[in-house]
1. Pull out all pairs, ordered by first then second residue, where Cβ-Cβ is under 7 Å, the residues are six or more apart or on different chains, the first lies in the range 376-397 and is under 16 Å from Arg168 (Cβ atoms), and the second is outside any helix (DSSP H, G or I).
2. Tally the residues that are modelled with pLDDT of 75 or more and surrounded by fewer than 15 Cβ atoms within 10 Å (Cβ to Cβ), restricting the search to the range 93-104.
3. Would a scan of the range 356-367 turn up a residue that is within 30 Å of Asn264 (Cα to Cα) and assigned to a helix (DSSP H, G or I)?
4. Only one of these conditions is not met by Ala244: (1) open to solvent by less than 50 Å² (accessible area, probe 1.4 Å); (2) closer than 29 Å to Gln351 by Cβ; (3) of a type in the set (A, V, I, L, M, F, W, C). Which number is it?
5. It is to be established whether one or more residues within the range 62-77 are modelled with pLDDT under 85 and either assigned to a helix (DSSP H, G or I) or acidic (Asp, Glu) (or both).
6. Out of all the residues in the range 69-86, is one or more open to solvent by less than 40 Å² (accessible area, probe 1.4 Å), of a type outside the set (Asp, Glu) and under 60 Å from the mean Cα position of the chain (by Cα)?
7. Need pairs with beta-carbon distance below 7 Å; first residue more than 12 Å from Gln377 (Cα to Cα) and within the range 150-166, second of a type in the set (D, E, K, R) and assigned to a helix (DSSP H, G or I); sequence gap 6+ or separate chains.
8. Only one residue in Arg206, Arg212 is open to solvent by 60 Å² or more (accessible area, probe 1.4 Å), in contact (Cβ under 8 Å) with a residue 60 or more places away in the chain and of a type in the set (D, E, K, R), so which one is that?
Amino acid sequence: MTLKKLTLAFVLAALGLTATAQQTLRLSLDEAQQYAVEHNATMKNADLDVKKAEMERWKTLSSMLPSVKAGFDYQNMLGYKMHMGMGGTSISIPLNPSGSFSITAAIAVTGSQIVGTMLQNIAMEMTDITRQQTEQTTRSQVKNVYVSILIMEETIGLLDSSLANLERLASTSQEAVNVGAAEQVDADKLQVQVATLRSSINATNRSLQVLRNTLLLQLGADVNTTVELSTPVEQILNVNGALAFLNESFEIEKNYNYQLLEKNEEIAKKNVNMAWMDFLPTLSAYYQYSAKTYFGKEEGMNMTPPNMVGLSISWPLLTSGTRYANIKSARIALQETQNSRKQAEDGLYVQYNQLRYDLVNALETYDIQHRNLEVSQRVFANIAEKYKYGRASSLEVTTASTDIMNAQNSYIQAVMAVISAQTALENLLNKQ
């Protein structure tokens, strides 16, 4: 074999290994949620927002810390001499090249800076709450898609089973037509129903692929990754667990939205304090060290003190009522924030009651649709058995087949309604 063929074979083998090395993730629901928390782009941005808020806090805090700067100056008069006449005598003073080195440390503190640091602390806490809220939302989204995929896979299994039974009936019907024991129209009706059911399965498979792609996006995984789900839908649904949530008391302080409202009120209070800070003085202090050196043979005149300390205080006296107007404006803003918080608090309690009602209704509907699906499956099996022996018509088979598809759709919607209602209540109670 030539070198070119060996190289080509090696490349093809490498490509084949790459293709077969596609990553497969087998994840339980908890693992999928944790994977999303660690890899989801939205979560990554939320973590970065926390770091950015911390940097903003340090920027404000650093404005109150001493600043130090150093400088060096060099002067050269290019041989110029200063002449001074005294009592008829002229004195010539050479201005030799000189250099000055200085270090200055300064600090200035105002009441606004102190309050500003407090505001940045609150802003950082709000950013962290928002990050936790984003994590909660991410976990909920992963859970909804995870369950949707499981339900869709279960539905496809049920539809495949129904299709197999219907195809057998259609084949039996056609054989009966061939021997003259049945009419062609009956066989045609079953063939149309087979085609309808097969089309429904294909549509469900396409929807399933969309859901899998959505899950990859929420997980933050590579688009070529294959995800296998290991948690059964019955364990996630957990009707008894959902019923337990109905007895959970609502501790509103744990709700993230309420925590953000409280932080907004704290900011409004600090803004009132900030407005009062305009009445306080600004205090500043500095220390300077200077050293001057002449580079010539003769030492020149040095009038620069090596050490200097300064302290100043400035107090605003008259601002034409601007400061009082700022205080009143900040107080009004605080009242508006308090009113909004109280209204939102009442709304959260109303939402809590509504979500409990939604969960109760969803559980009742799920119980009905679960039983309806079981009955529809038994009815279809019964009609199919009767049709084999000529005791049921093709219309009855078609009707039973349509009923079971409708029952499956209703069952899917009922399961998702329970998951959605339970997740919404979990989020409100912050129980995830």
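The values are calculated or read from the model by the stated rules, or taken from the named source; none is laboratory data. The structure displayed is predicted, hence computed values, not measured ones. Ideal geometry is used to build each Cβ from the backbone, glycine not excepted, and the neighbour counts take in all protein chains shown. The accessibility values were calculated without ligands, DNA or RNA, using every heavy atom of the protein model including side chains. Shrake-Rupley method; radii C 1.70, N 1.55, O 1.52, S 1.80 Å.
1. Ile383/Ala392; Lys386/Ala392
2. Count: 3.
3. yes
4. (1)
5. Yes, the range 62-77 has at least one match.
6. Within the range 69-86, one or more residues are open to solvent by less than 40 Å² (accessible area, probe 1.4 Å), of a type outside the set (Asp, Glu) and under 60 Å from the mean Cα position of the chain (by Cα).
7. That search, which allows pairs on different chains as well, returns Leu163/Arg198.
8. Arg212
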